[in-house]
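Shown next, in structure tokens, is the structure this report addresses.
What follows is calculated from the coordinates using simple rules that are stated; it is not laboratory data. Given the structure is predicted, the values throughout are model-derived calculations rather than measurements. FYI the Cβ positions are ideal-geometry reconstructions off the backbone, even for glycines, and counts take in every protein chain you see.
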Amino acid sequence: MHPEDRENTAGGLTRRRFLQAGVAGLTGLALSSVSGWLKQAAAQLPPGSYNPQLQLSFPVEPGASLRILRWSQFVSTDQPEYERMAQQFTRRTGVPVRLEYEAWPDVQPKAAAAANVGAGPDIVLGFFDEPHLWPDKLVPVTDLAEYLGRKYGGWFPVAPQYGYSNQVGQWIGVPIGAPGSCLNYRMSWVKEAGFDPDPASFPKTTDEFLRLCRALKTRGHPTGFALGKAVGDANSWCHWLLWTFGAHAVAPDNKTITLNAPETVNALEYGRQLFETMIPGVAGWLDPNNNRAFLAGEVALTNNGISIYFAAKNDFPEIAGDMNHAVYPQGSAGRPTELHLFSQAYVFKYTKYPNAAKEFLRFTMEDPQYPRWINAMLGYVSHPLRAFTNLAVWRSDPKAVPFRDAVARMLPHSYQGTPGPKSARALSEFVIVDMVADALTGRRSVREAILAAESRLKRIYEA
Amino acid sequence: MAGIEATVPARARRPADLIGRILENPHALGVLMVTPAVLILAIFLAYPFGLGVWLGFTNATIGQAGHFVGLGNFRYLLGDSVFRLAVLNTILYAASAVVCKLLLGMLLALLVNREFRGKRIVRAIMLLPWIVPTSLSALVFYWIYDPTFSVITWALRRIGLAHGFINYLGDPNLARASLIAANIWRGIPFFAIGLLAGLQTVSTTLYEAAEIDGAGPWQKFWFVTWPLLLPLTVVVTVFSTIMTVGDFQLIWIITRGGPANATHLFGTLAYQRAIQGGFIGEGAAISAFVLPVLVGAVLVSFHYLRRE
Amino acid sequence: MRRSALTTALTFTLPLGTFLGLLLFPFYWMLVTAVRPNKELYNLSLNQLWTLHPTWQHFQKLLFATHFAPWLGNTMVIAVGATTVALSCSVLAAYAVQRLRFRGSGVLGVAIFLSYLVPPVILFIPLARIINELGLWDRPAALILTYPTFLIPFATWLLMGYFRSIPAELEDCARVDGATRIQVLRHITLPLALPGILSALIFSFTLSWNEYLYALVFLSSTGAKTIPVGLATELITGDVFQWGPLMAGALLGSVPVALIYSFFVEHYVAGLTGALKE
């Protein structure tokens, strides 16, 4: 039998079963049914997309044990699967693994303490340019990263930008994936506004998108995009807004601030028109606000991860049936320019068992463990390696598909510079979000907002 | 004095042995009594404190030790518009919140300082805003101040006093007011319970004497209660000021210092710069600006506490 | 001068009622949210102050699906331990600085105060180093010993304020009668300062109960966490706040403390107000 036939049959069975389970509710999703179809979906990497013959293994130190600090789950099926993976690893290598979870914003302070104390977890799963804050304190993982890239069809371009440190000249992080964000919209209201609610026909240009938002607002269904200090949602859409008009904050030399340009003006002017279609109060929105507004039917359109859809499936099935997702439209940049919550794993040098740590990371990124984990997360996290594009989760629920290519479509937040302490600082200061918020709410004129942000960036980058 | 005499062992003789003499000597006894506190602070605070002060003069980041830059951080901060805004925010926030908490807390303490049915329940209940972990009460206010879902707006609309949305957390000035209100809510019990304990040591004979002289309630308060309570009031107020100036969790959870950095205080800005941005030297320098507040607080309270 | 019922209502019941109403309203909201089913959570057309279909599922989830019970135990142990340590040191130190006026007490009083100059945000990293060296990582003892760093200065100054309000003549009389300094402290000052000590106690207890940053950094395993950190870890999943269980946790994490405090107050303080009448 041709391998593709086997795969299609497997795909068909799993899709039906997954949809049934989805309707029953997220918490009702028994892990047994998940692992059942997961086993069948084992062969999800199309032949030719990866090199199964490549092998690598790190010699695990005798008596090794590992402590891993990671972000706590976004979806209740994540941790059980990750723990299963860890137990599997222990059975194979004899290395006990201790998993510690913290709310995702709390990982960085703990990692900071560990970095300074010289003791703590061996592996940390962090976000954005966290490893670049202490690059010389990390075990180089170049061999592992290059192996994974060669074996699984290559990393998406953004991955080495986050994983590789110019300062140290090595990979310091292993990209794990990114919780993606997309436009979430109510299909019936989009239809009412005169647009085709199918995601494939969703507006692909910024002009068309603005027309849609205006039409929605006229019919009493405003949009809503976070302009407060929402670490996920505000950063995502504000950076997209800037980049999709060809604007950017910093030049590739990582020093020159390029914000003050006509493209930025265009982006903000467009943003102002978009703002008029928004619900009042967005200037104070943190990450959970748009979830609430959407689930209450107060907004027809917002940007968010797949969490709204999940809450809807659980508690608001009418909305779950009426909503869909679409990727961000494109402006004059002419290509995808998105920002998602990029996560990567790094290993501290103080660990007594660097090989065991690298072996664990290798294990969790390889087929079949990684696909199983991604599938278990039901669309929350998207892959950084090309070969994993066709995993079962993306073929099971069409509404999850727009999240699939998050890492493929994203730019690093430091664009056009490289991730490092300066971009970490710019991100934590919300310079871009503040600029967009100032200009859109009218607190400052477009010109003044750009100048204020430029001067803040200058202080950060040229310090 | 009859009651007190009965509690002291009758005719206790001052011991003549060495230990006894030490325990009688105010200086020796004093040193002995402060030793436990000093020991804990010396072991756990001295080094971090010294390092914390030192860091303000370096360009240390979380990952790198950095080197001495003198007053560089301070100069940078004074030229930083966000920091200057944080200074103004902190002054506004602390001043309004502390004054309101003092007045309301004193009022509440006076109200419950009497016998009435349900006194015990009331005194326990009024402690609740202080007891509930800030990380959770802040979430409640986050919801209460939601532009769409605020129960306040909902109630006002039901009554007919408001239409549309109130942008509690999106408008800079409203956001400041909202957070100050939340801080007052959480801080009233501190003043109320703290001052209540002081009120309970004021002997009622003083009030009776004042009444005989024809004093009304206001005069009783101003001439009897207030002077006796002053040292305690000063201490409680000073502490509240220090804690309010350093407020972190409440602000961080509700606005993270936004919108437009209108609610950034020293504490939140220091955290953002030091931990999230990684510039721990600068974060330490931000915290150092609390020094004038501390010095003022020390001088004021010392004046009241040590005056004989 | 007997007060009319109206006067009482206006000068006592109404103001007190208003206070209690404002202080308690968020708790009422917490209670409603803790029993409100998720489906109703975002429905604006429903009454925001009431729920027609109360459910216990959030409390069940909190108590059985999270590690709430161990967290409650940890938080209690740590708060009690830290308060005991801090208060023992502070009572002695406050008495020494305020009453004994020994050489250097002034400087010491100021020095203790200055420890607020560097906030936990900056302190926690070097403190982590010390905790690690002492082998206290991931143990409640780490917090029991580090919380006093911000509790002791606070409690000491607070107690100094309370001691200040106790007339020195009472102690002088006792000493004239032949009591030793220790006896004066034990039999005169401490009993009179009891209301103050109890407030310092409840404040220290709640400051420990409430603390987030040190508890986050120094404790690691799920079972070892305190309530604020544990609830954030398990009930805040990304941008979704599980409001029902969170509010249930807020209630269960505060109401018992208030009840215990009220027991203390009733038992120890009320009787004392009578003893002061001479």
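Out of B:Ala285, B:Met243, B:Ala175, whose Cα points farthest toward the positive end of the dipole of region B:160-308 (charges: +1 Lys, Arg; -1 Asp, Glu; placed on Cβ)?
In region B:160-308, that residue is B:Ala285.
Grab every C-alpha pair in chain C, bin the distances at 10 angstrom width from 0 up to the longest one, and report whole percents.
Values per bin, smallest distances first: 6, 21, 26, 24, 16, 6, 2, 0.
Could you work out how far the C-alpha centroid of region B:84-128 sits from that of region A:381-442, in angstrom?
The distance from the Cα centre of region B:84-128 to that of region A:381-442 comes to 45 Å.
Using 1/(1 + (r/R0)^6) with R0 = 25 angstrom and r between the beta carbons of C:Lys39 and A:Ser188, what's the FRET efficiency to the nearest 0.05?
So the FRET efficiency works out to roughly 0.80.
So what is the relative contact order for chain C, in percent, with contacts set as C-alpha pairs under 8 Å and at least six apart?
Relative contact order of chain C: 31 percent.
Kindly state, to the nearest 0.05, the FRET efficiency for B:Arg84 paired with A:Glu462, given R0 = 25 Å and r defined as their beta-carbon distance.
So, using R0 = 25 Å, E works out to roughly 0.80.
Please compute the modelled spin-label separation between A:Glu276 and C:Thr55, points set 7 Å along Cα→Cβ, answer in nm with one decimal.
According to this spin-label approximation, the distance is 4.3 nm.
In nm, what is the difference between 0.36 nm times the number of residues separating A:Tyr350 and A:Glu269 and their Cα-Cα distance?
24.2 nm
Please figure out what share of the DSSP beta bridges in the protein assembly as shown is antiparallel and state it in percent, rounded to the nearest 5.
Percent antiparallel among DSSP bridges in the protein assembly as shown is about 70.
Between region A:116-159 and region B:232-301, what's the alpha-carbon centroid distance in Å?
Centre-to-centre distance over Cα atoms comes out at 35 Å.
Would you mind checking region B:210-239 for residues with the amide N under 18 Å from a putative spin-label position 7 Å along Cα→C-beta of C:Glu169?
Output list for this probe position: B:210, B:224-225, B:227-229.
If we count other beta carbons within 10 Å of each Cβ, what is the order of C:Cys89, B:Cys100, fewest first?
B:Cys100, C:Cys89
Give me log10 I(q)/I(0) at q = 0.06, 0.09 Å⁻¹ for chain A, Debye formula, one equal scatterer per alpha-carbon, no solvent.
These q points yield log10 I(q)/I(0) values of -0.26, -0.60.
Could you pull out the longest piece of chain B with no exposed loop trypsin sites (Lys or Arg not before Pro) in it, calling a site exposed if DSSP puts it outside H, G, I, E, B and it has at most 10 other Cβ atoms within 10 Å? Kindly include the intermediate steps, with their values, before the conclusion.
Working: sites that count: B:Arg11, B:Arg13, B:Arg114, B:Arg117, B:Arg307.
Between the exposed loop sites, the longest stretch runs B:118-306.
Give the average over all directions of the projected area of the C-alpha convex hull of the protein assembly as shown, one decimal, in nm².
44.6
Could you tell me the center-to-center distance, by alpha carbons, between region A:269-312 and region C:86-118 in angstrom?
Taking the Cα centre of region C:86-118 as reference, the centre of region A:269-312 is 53 Å away.
Give a residue-ordered list of calculated ³J(HN,Hα) values for region A:326-338 (Karplus: 6.51 cos²θ - 1.76 cosθ + 1.60, θ = phi - 60°; whole Hz; x for Gly, Pro).
Result, rounded to whole Hz: 8, 6, 4, x, 10, x, 5, 5, x, 8, x, 9, 10.
Can you compute the label reach from C:Ser221? Point 7 Å from Cα along the Cβ direction, backbone N cut-off under 18 Å, restricted to region C:55-90.
Residues passing the 18 Å test: C:66-78.
How large is ³J(HN,Hα), in whole Hz, for each residue of region B:170-186 in order, when computed from phi with the Karplus curve 6.51 cos²θ - 1.76 cosθ + 1.60 and θ = phi - 60°, using x for Gly and Pro?
x, 8, x, 6, 4, 4, 4, 4, 4, 5, 4, 4, 5, 5, 4, 4, 6
Name the residue from B:Trp185, B:Trp222, B:Val87 whose Cα lies farthest towards the positive end of the charge dipole of chain B, charges +1 on Cβ of Lys and Arg and -1 on Cβ of Asp and Glu.
So the residue we want is B:Trp185.
Kindly identify region B:82-307 as rounded, prolate or oblate by the Cα gyration tensor criterion: order the square roots of the eigenvalues as a ≥ b ≥ c, call it rounded if a/c is under 1.5, otherwise compare a/b with b/c, prolate if a/b is larger, else oblate.
Numbers: a/c = 2.49, a/b = 1.40, b/c = 1.78.
Verdict is oblate for region B:82-307.
For A:Arg219 and A:Ser201 in the same chain, what is the full-extension length gain: residue separation times 0.36 nm, less their Cα-Cα distance, in nm? Display every interim value, and only then the final one.
Working: separation 18, 0.36 × 18 = 6.48 nm, distance 2.03 nm.
Taking 0.36 nm per residue and subtracting the Cα distance, the gain is 4.4 nm.
If each of B:Asn173 and A:Ser332 carries a label point 7 Å out from its Cα toward its Cβ, how far apart are those two points in nm?
Rounded to a tenth, the inter-label distance reads 3.7 nm.
In nm, what is the difference between 0.36 nm times the number of residues separating A:Val168 and A:Ser65 and their Cα-Cα distance?
In short, 34.4 nm is gained.
I'd like the chymotrypsin sites (Phe, Trp or Tyr not before Pro) in region C:139-244 restricted to DSSP loop residues with at most 16 other Cβ atoms within 10 Å, sorted by number.
Sparse-neighbourhood loop chymotrypsin sites (Phe, Trp or Tyr not before Pro): none present.
With charges set only on the Cβ (+1 for Lys and Arg, -1 for Asp and Glu), what does the dipole of the protein assembly as shown come to about its Cα centre, in debye to the nearest 20?
On the way: 83 positive and 68 negative charges, 212 e Å.
So the dipole magnitude of the protein assembly as shown works out to roughly 1020 debye.
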